[in-house]
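Structure record follows, encoded as structure tokens.
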Amino acid sequence: MATATDLERQNLEAHVDLCAQRYEVLEGRLTKIEKKVESIHDDIVSGQQSMTKVIIGAAGTITAGLLSTLVVLLMNM
């Protein structure tokens, strides 16, 4: 954490100006973090959608295989 300088202790305007600069830097850093989190969120959502498609496709394949096996068994009886 930044320590107060002697100038800040003696002069309120200097303190206010330095605080404004510090807040600008913090705001910039928060903006970068927000962009990165948003990017990560978008990646997670797209990955989740892809995984859902894969699961539905696998379930459909398994169901079709079981039904075709059942049809073959019924035809052989």
**OP:** Check the stretch 13-21 and report whether any residue there is loosely packed, with under 10 Cβ neighbours inside 10 Å and in a loop (DSSP other than H, G, I, E, B).
**Re:** no
Original post:
Residues in the stretch 58-74: is at least one outside any helix (DSSP H, G or I) and either exposed (fewer than 10 other Cβ atoms within 10 Å of the Cβ) or of a type in the set (Asp, Glu) (or both)?
Top reply: no
Subject >> So residue 52, is it among the hydroxyl-bearing types (Ser, Thr, Tyr), at pLDDT below 95 and over 37 Å from the mean Cα position of the chain (by Cα) >> reply: no
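The values are calculated or read from the model by the stated rules, or taken from the named source; none is laboratory data. Because the structure is a prediction, the values reported are computed rather than measured. In this analysis, Cβ positions are derived from the backbone assuming ideal geometry, glycine residues included, and neighbour counts consider all displayed protein chains.
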